[in-house]
Amino acid sequence: MSAQPSCNIVSISAIEVLDSRGNPTVEACVVLNDGTSGRAIVPSGASTGNREAVELRDGDLGRYQGRGVLKAVANINDLIAPVLIGRPADEQRRLDHLMCELDGTDNKSRLGANAILAVSMALTRAAASHYRQPLYRYLGGSNAHLLPVPCLNVINGGQHASNNLDFQEFKIVPHHAPSFAEAIRMGEETFHALKTLLAERGLGTGIGDEGGFAPALKSNEQAVELILDAIEAAGYRPGEDISLALDPATSEMAEGDGYRFSRSDNVLRTADEMTDLWQSWLDRYPIILLEDPLGEDDWAGWETLTRRLAGRVELVGDDLLCTNPELLQRAIDQGVANSVLIKPNQIGTVTETLECVTLANRHGYGCYLSHRSGESEDTFIADLAVAIGCGHMKTGSGCRSERVAKFNQLLRIENELGYQARFAGRDAFRTRRA
Ligand SMILES: C=C(OP(=O)(O)O)C(=O)O
Ligand SMILES: [Mg+2]
């Protein structure tokens, strides 16, 4: 029997590249002694949670209005590379741990979560390439077979558009499909039907950061009603074939103890009034997932909301939980939410992302995988979705290449898996109490 050739790291390098908003971000490249390599680009959020790991920006260097990432790039080239070179790339947990130790802070503010994650993801890719395995199989093993339900963000508001919608994401969820490919087709047909309908009604068809339309509308409700009309116009049944998911990103609306809808009616609502509002929306509309229905500091409000609504809808903590196992443990202990949003750059390593997924699985919480509003052509999260079998993911809408890249990667994976592939469907969504 021949010995397995080693996969020692021979070089790690980084450069500044651009994200989908035209802002700089970090790309890392890891090369191994067998000649294989891995490359990864980190994304960037706009409506970020306060407890996210720190994205290091240059701030005062006069480039890109302070948004440059040359410090993060230098941290990879000068600080991380010397520590990791010579070590085996398939020791992901050890290497991620070493980077965290080298950083030495609770929130990765010294090296930058953007620096650490770029290397962490590039290491995974390099190791997968060394073992000649697709990324989803290297990460997920032989059980990686479940294709996620795509949640397409077809109307953008909040921090992702400069219109008058308070809520950030209005998504369609094509769950009644035999395959991922068919679900994407249903989603894109509805997206195009929505474009036609907006144009017919004299509404704008320009798009927001995540590729959804960003029209000026009378109310948040009107966005939902337009989408329901579009689903029917495309020939599908709202709630049966295609349901709705919302991310109102309410941390952005928090004011004192309440939430101000400053873009529409300007009313300040209490947490209880917000919960009443969501309950009335659940009564009226086929919504199966609500993300950040209350703000990141409103744990008391979340407890009540979870008691009232977790039996009816998936309640996802994004800003509240920040892909952070410690915050997720608190949610589990307090009976808050029944699902966690998974964004690798909120926590900063592949290892800690997988730890958060494991914790969620152990306690019956859903894992809802997510892109960021500032994305790139990197498709790591598409493979990650299949690897962890999370069953549902959001990655924007189908007219921006950085979002389409993820759909296309999932189409490739489904095709490659052939008869082994299974589409998650509606069962992927939690409707149970925490
Ligand atoms: C994807 C999101 O937006 P951002 O990347 O701006 O945080 C979100 O809030 O879920
Ligand atoms: Mg969110």
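The values are calculated or read from the model by the stated rules, or taken from the named source; none is laboratory data. Since we're looking at a predicted model, the values are computed, not measured. Please note: Cβ atoms are built from the backbone with ideal geometry, for glycine as well, and neighbour counts cover all protein chains shown. Accessible surface areas use protein heavy atoms only, side chains included; no ligands, DNA or RNA. Shrake-Rupley method; radii C 1.70, N 1.55, O 1.52, S 1.80 Å.
Per the chain: cysteines with no other Cys C-beta under 4.7 angstrom?
Cys7, Cys29, Cys100, Cys151, Cys322, Cys356, Cys399
So what is the accessible area of segment 142-187 per residue, in Å², with the probe set to 1.4 Å?
Accessible area per residue: 25 Å².
Residue by residue through segment 38-46, which ³J(HN,Hα) values in whole Hz follow from phi under the Karplus form 6.51 cos²θ - 1.76 cosθ + 1.60 (θ = phi - 60°), with glycine and proline marked x?
Running phi through 6.51 cos²θ - 1.76 cosθ + 1.60 with θ = phi - 60° gives x, 10, 8, 10, 8, x, 8, x, 10 Hz.
Using the structure shown, list the pairs from Lys218/Lys394; Lys71/Lys171; Lys108/Lys394 with a Cα-Cα distance above 32 Å, or answer none.
Lys71/Lys171
Can you say what percent of the DSSP beta bridges in segment 146-428, counting only those with both residues inside, are antiparallel? Round to 5.
Just about 40 percent of them are antiparallel.
Of the accessible area of the chain, with the probe set at 1.4 angstrom, what percent is carbon plus sulfur?
Here carbon and sulfur together make up 46 percent of the probe-accessible area.
Along its three principal axes, how long is segment 363-419 when you only count alpha carbons? Whole Å, largest extent first please.
34, 29, 16
Accessible area per residue for segment 8-132 in Å², computed with a 1.4 Å probe and the full protein assembly in place, what is it?
Ligands and nucleic acids excluded, the figure is 41 Å² per residue.
Starting from the amide H of Arg400, placed 1.01 Å from N in the peptide plane, find each other amide H under 5 Å away whose residue is 5 or more places distant or on another chain.
none
Please report the net charge: other residues with Cβ closer than 9 Å to the Cβ of Asn164, K and R +1, D and E -1.
Net of charged neighbours comes to +1.
log10 I(q)/I(0), Debye, Cα-only the chain, no solvent, q = 0.08, 0.09, 0.10, 0.12 Å⁻¹?
-0.42, -0.54, -0.67, -0.97
Tell me the mean residue ellipticity at 222 nm calculated for the chain from its helices only (DSSP H runs of n ≥ 4, each -39500 (n - 2.57), averaged over every residue, nearest 500).
-11000 deg cm²/dmol
Return the long-range amide H neighbours of Glu291 (sequence gap of 5 or more, or a different chain), with a cut-off of under 5 Å between placed amide H atoms.
Placed amide hydrogens put Leu246, Asp247, Val316 under 5 Å from Glu291.
Loop-only check: which chymotrypsin sites (Phe, Trp or Tyr not before Pro) in segment 180-252 are DSSP coil with at most 16 other Cβ within 10 angstrom?
Answer in residue order: no site qualifies.
Can you work out ³J(HN,Hα) from phi for every residue in segment 306-313, in order, using Karplus 6.51 cos²θ - 1.76 cosθ + 1.60 and θ = phi - 60°, giving whole Hz and x for Gly and Pro?
Using θ = phi - 60°, the values come out as 5, 4, 7, 10, 5, x, 10, 8 Hz.
For Ser339, what residues show an amide H to amide H distance below 5 Å, using hydrogens built from the backbone and excluding near sequence neighbours?
Excluding prolines and chain starts, which carry no amide H, the hits are Leu315, Gly317, Gly366.
What are the ³J(HN,Hα) values, in whole Hz, obtained from phi via the Karplus relation 6.51 cos²θ - 1.76 cosθ + 1.60 with θ = phi - 60°, for each residue of segment 211-216 in sequence order, with x given for Gly and Pro?
After applying 6.51 cos²θ - 1.76 cosθ + 1.60, I find x, x, 6, 9, x, 7 Hz.
State the Cα centre-to-centre distance between segment 139-171 and segment 1-75 in whole Å.
23
Spin-label point model (7 Å from Cα, Cβ direction): what's the Thr205 to Asp427 distance in nm?
Inter-label distance under the simple model: 3.9 nm.
Distance in nm between label sites at Asp265 and His363, each 7 Å beyond Cα in the beta-carbon direction?
Distance between the two pseudo-spin positions: 3.4 nm.
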